[in-house]
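Since the structure comes first, as structure tokens, the remarks are kept for the end.
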Amino acid sequence: MKYDCLIVDDEKELAMSTSEYFNLFNIKTASVYSKNDAIDFLKENQCSLILLDINLGDGSGFELCKYIREESNIPILFISARNTDDDKIIALNIGGDDYIEKPYSLGVLLAKVKVVLKRYSNTTDIYDDGYLKIDFKNNNVSVNSKEIKLTSIEYKLLFYLVNNKNKLITKDELFVNVWNDKYTQDGTLNVHIRKIREQIEVDPNNPKYIITVWKEGYKFIGK
């Protein structure tokens, strides 16, 4: 079965009430209450987004996020009462897309979820030019028929550029829409662009796909 959202939280009443609230607004949502239950659920069902607590009875949300990221780039929004910078940094570095502190407003959380779902639903299912193929639905990237592995942030960056192909995308736009952080540094972006080029370009030093627009940003050149 396919769901819009899966909530993974050991606070059962909160997870159930959030799920019920989302369903009222036609966001098809299910909830589970442990790491192992989440793994079992994902084996049998599909979902477009995960809301993930850090503290789970049989493990941690960090562990579950790492497990999911081995197979999928599905958006993961952490929800937690833990509010230290260290927790937020870990969550984002291991592949989380956002970090939302508890207690949260159901209305604000719903708005965030809708934005993420809309962003991912407004994309084509497949980009394929005969050399580079990106299956957005199944989160696969292949070059010359050979699958390649990208980190979560690399995939999100490529995803955003390809779905805005042949358009100039400013650095600030990438910082906000890929990192959810307008204060990300140029150096961080440059490193990730270089790593993607090393994976998809025939000659990374003379790129044909991801073109640098001096002092402005980047442009993905595609069919």
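Just so it is clear, none of the values below were taken in a lab; they were calculated from the coordinates. Because the structure is predicted, anything quoted here is derived from the model rather than measured. Heads up, the Cβs are rebuilt from the backbone with ideal geometry, glycines too, and the neighbour counts pull from every protein chain shown.
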In the range 140-181, how does Rg compare with the Kirkwood Rh, expressed as the Rg/Rh ratio over alpha carbon atoms? 1.03
HN-Hα J couplings of the range 149-161 from phi, Karplus 6.51/-1.76/1.60, θ = phi - 60°, integer Hz, Gly and Pro as x? 10, 10, 6, 4, 6, 5, 5, 4, 5, 5, 3, 5, 5
Among LYS88, LYS133, LYS118, which one shows the highest mean-square fluctuation when the chain is modelled as a Gaussian network with alpha-carbon springs under 10 Å? LYS118
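How large is the direction-averaged shadow of the alpha-carbon convex hull of the range 126-220, in nm²?
On the way: hull surface 23.0 nm².
For the range 126-220, averaging the hull's shadow over all directions gives 5.7 nm².
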Going out from 0 in 10 Å bins, what whole percent of all Cα-Cα distances in the range 1-159 drops into each bin? 10, 40, 35, 12, 2
Would you list TYR131, TYR120, TYR218 from fewest to most Cβ contacts within 10 Å? TYR131, TYR120, TYR218
Around ALA81: net Lys/Arg minus Asp/Glu count, Cβ-Cβ under 13 Å: -3
For the range 58-145, compute Rg over Rh where Rg is the Cα radius of gyration and Rh is the Kirkwood radius from the inverse mean 1/r over Cα pairs. 1.06
Estimate the FRET efficiency between ARG119 and LYS208 by the formula 1/(1 + (r/R0)^6), using the beta-carbon distance for r and 30 Å for R0, to the nearest 0.05. 0.70
Hand me the tally of lysine pairs in the range 1-129: alpha carbons under 12 angstrom apart, and the pair either on different chains or 8 or more positions apart. 4
So if I take the centroid of the Cα atoms in the range 157-223 and the same for the range 44-71, what is the distance between those two points in Å? 28 Å
Solution diffusion estimate, µm²/s, Stokes-Einstein, the range 1-91, Kirkwood Rh from C-alpha pairs, 20 °C, viscosity 1.002 mPa s: 163 µm²/s
Cβ density ranking, 10 Å radius, fewest first, applied to VAL143, VAL113, VAL108 yields VAL108, VAL143, VAL113
